[in-house]
Every structure is written in structure tokens, then in C-alpha cells.
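These notes concern the structure reproduced below.
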Amino acid sequence: MSDTDNSRRTFLALAAAVPSALAMSGIASAQTTQTAARNTEQRVAIVTGSSRGIGAATAKRLASDGYAVTVNYLTNRDLAAQVVRDIEAAGGRAIFRQADVADPAAVNALFNANDEAFGGVDVVVNNAGIMNVGPFAQMTDEAFDRMIATNVKGSFNVLREAARRVRDGGRIISLSSSIIKTPPPGTGAYAASKAVQVLYSSVLAKELAGRDISVNAVAPGAVDTELLRQHGEEALRGIPEQTPLGRLGLPEDIAGTIALLCSKEGAWVNGQNVFANGGLG
Ligand SMILES: NC(=O)c1ccc[n+]([C@@H]2O[C@H](COP(=O)([O-])OP(=O)(O)OC[C@H]3O[C@@H](n4cnc5c(N)ncnc54)[C@H](OP(=O)(O)O)[C@@H]3O)[C@@H](O)[C@H]2O)c1
């Protein structure tokens, strides 16, 4: 018998012995049971503001990636119900719940409803947001206060619940905006409310250290949703031409970036602001 044959036999004998030695000590069977339980448990995502736009695309994408999803809305109940029907028609599981993210009690109830339906949460996409624009000289208190209540306080309410409830190994993702790089006139208050998401994510990533939970912001460029369209065609003019990839962003583009951060491949990205804008800006 050659030396090579001998080494191969020794290697195979050792390889065969290791699992049985572990099994005797009880380690392998415990690990196998734990891993099997984790693999068979369905992971769960809450997506705020998912009746339409980026949130709806994200809810559907995560459902197609195997998550049970809690869909949230403010006023558009029918749209939220349709997102759930779409997920179910594709073989997924979802529920929908009304909650104004600006109201801490409503956010708490939203997370409770999710836990009741699905037993816990692994991913929170802190997406609900509004865009009120206007030059400093003309911005009303009402428009400013509502946007800060939704984007700044609302995000805080959602992240606080997420920090308390997301299971080890989970993901927390907030929607910032590419606008924070070079905010045009009229977007001061909105850009400020989106820059906050980057700071929130950076700090929360550190606070959750040791639990294998990543916390990031995603910064879309201009995406074709009501958020922009409510400001008229003007808000979209020239954007495809200025974008190196030659078009306006779609909600599905941003859902793809969020799904990537939720995947195994996204695991090492933590405390970052990930720009997803086709190269604009
Ligand atoms: N579109 C863009 O170009 C763009 C670019 C950068 C960043 N973003 C950010 O991406 C996020 C989603 O934007 P989008 O374009 O998808 O917006 P959108 O199409 O206007 O949809 C907004 C979603 O948020 C919900 N919502 C609004 N206020 C809420 C509140 N107080 N509580 C709970 N839900 C609330 C809406 O529910 P109802 O349907 O019930 O009203 C809807 O589901 C926002 O945070 C936005 O700042 C968007």
C-alpha cells in the first residue's frame, strides 16, 4: 500500500470518528437539534408603511424570500389588504395592521399583533415616511411638525420596539435618502429628517453589539412612487437623464437592496448607510 493510500485511510478514519465522539459527548446531537429548529422556523419581518411604494415592494420581496410579513399602513387599508392578498396568492404568509408610527402606543400594538400572529420578529424595515417640501421662508409649522413626527419621532418609536424585540441574528433597516448628499433648495427639513436615519442606525448597531443583529440605513435616489409624484411631474424631470443607469428607480430596486442586507451575503454590512440610486449624485 502506498503512503498516499495510508494517509487517505487515516484521514477517513479520523473523519468518521469525530462525529461519533461528539455524539457520545452529546454535543453533536444538541447542535443538530438547534440547527434543525432554526432552519425550520419561519423568519418574520415587519415593514412599516408597506401599503404602497417601496414598503409594499419590500413586503412582497421578503415574503418571496420566505419571511412571514406584517404589513403596516396609515390610511390606505384597501392597498394594505391587497399587498397581503398578493403575498398569499404567491404562497406566502402575511397580516396587515393600521398604525401611525408617530404614536408610540400604536407602534407597540403593531409589534404585539405581529408577535401574536407569527411568534416574534427577525427583520424590521423602518420605512414609513413622508416628504413635505418648501423653502425655509415658506415652510409651515404644520408641514414641518407632521414630517418630524413621522420621520424622526416615528422612526425612533419603530427602532425602540425593534431594539427590544428583534431576535438574535436579525436585521434592522431604516430608509434614509440619497438627498442627504446634496440636498436641493426646498428640501432642508426633509433632508434633515432622513439624515437622522443614518445616525440612528450607526448608534443602534453599536447598542446591539454581541447579538449578531445588523442595523443599517438604505439611501434610495429618486424612486417612482407617490412620495415624489404628489409633487407633480416637475419632481421627476431630468432624473433619468442625470442617472448613469439611465432611468428612475423602481420600488423593486430598493426592495432588492433591502433583501440583500437581510440575506446571508449582507451579514457583514453593519452601521452603514447604503446608497441605492443607480449612480445619481
Ligand atoms: N420615493 C423616493 O424617491 C424615496 C427616495 C429616498 C427615500 N425614500 C424613503 O423611502 C420610504 C418610503 O417611501 P415611498 O416613496 O415608498 O413612499 P410612499 O409611496 O409615499 O408610501 C409611503 C408609505 O408610508 C405609509 N405611511 C405614511 N405615513 C405613515 C405613518 N405616519 N404611519 C404609518 N405609515 C405611514 C403610507 O401608508 P398609507 O398608504 O396608508 O398612506 C405608505 O404605505 C420613506 O421613508 C421615504 O422617505 C423614498
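Nothing in this text is a laboratory measurement; each read-out follows from the coordinates by a stated rule. In this text the structure is predicted, and so the values were computed from the model without any measurement. Quick reminder, even Gly has a Cβ in these numbers, built from the backbone with ideal geometry, and neighbours come from all protein chains shown.
Quick look at the numbers
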read-out	value
Neighbour-count order for THR243, THR48, fewest beta carbons within 10 angstrom listed first	THR243, THR48
Inter-label distance for ASP168 and VAL269, nm, one decimal - labels placed 7 Å from Cα along Cα-to-Cβ	2.5
DSSP H segments from the chain that extend 15 Å or more along their own axis, Cα-based, with Kyte-Doolittle mean of 1.0 or above	251-262
Charged-residue dipole, Cβ positions (Lys, Arg, Asp, Glu), the chain about Cα centre, Debye nearest 20	440
Shape category assigned to segment 43-276 from the gyration tensor of Cα positions, a/c cut at 1.5	rounded
Dipole of the chain, positive end: most advanced residue of SER201, GLY170, VAL274 [Cβ charges, Cα centre]	GLY170
Distance from segment 123-152 to segment 64-81 (C-alpha centre basis), Å	22
Sparse-neighbour loop sites [chymotrypsin sites (Phe, Trp or Tyr not before Pro); segment 110-193; at most 10 other C-beta within 10 Å; DSSP]	PHE136
In segment 191-267, the trypsin sites (Lys or Arg not before Pro) that fall in loop regions by DSSP, at most 14 other Cβ within 10 Å	ARG211, ARG237, ARG247
Most mobile listed residue (ALA163, ALA137, ALA205) in the chain, GNM with C-alpha springs under 10 Å	ALA137
Candidate lysines - alpha carbon under 16 Å from LYS181, same-chain residues fewer than 8 apart omitted	LYS194
Label-point separation, ASP141 to ALA90 (7 Å along Cα→Cβ), nm	4.5
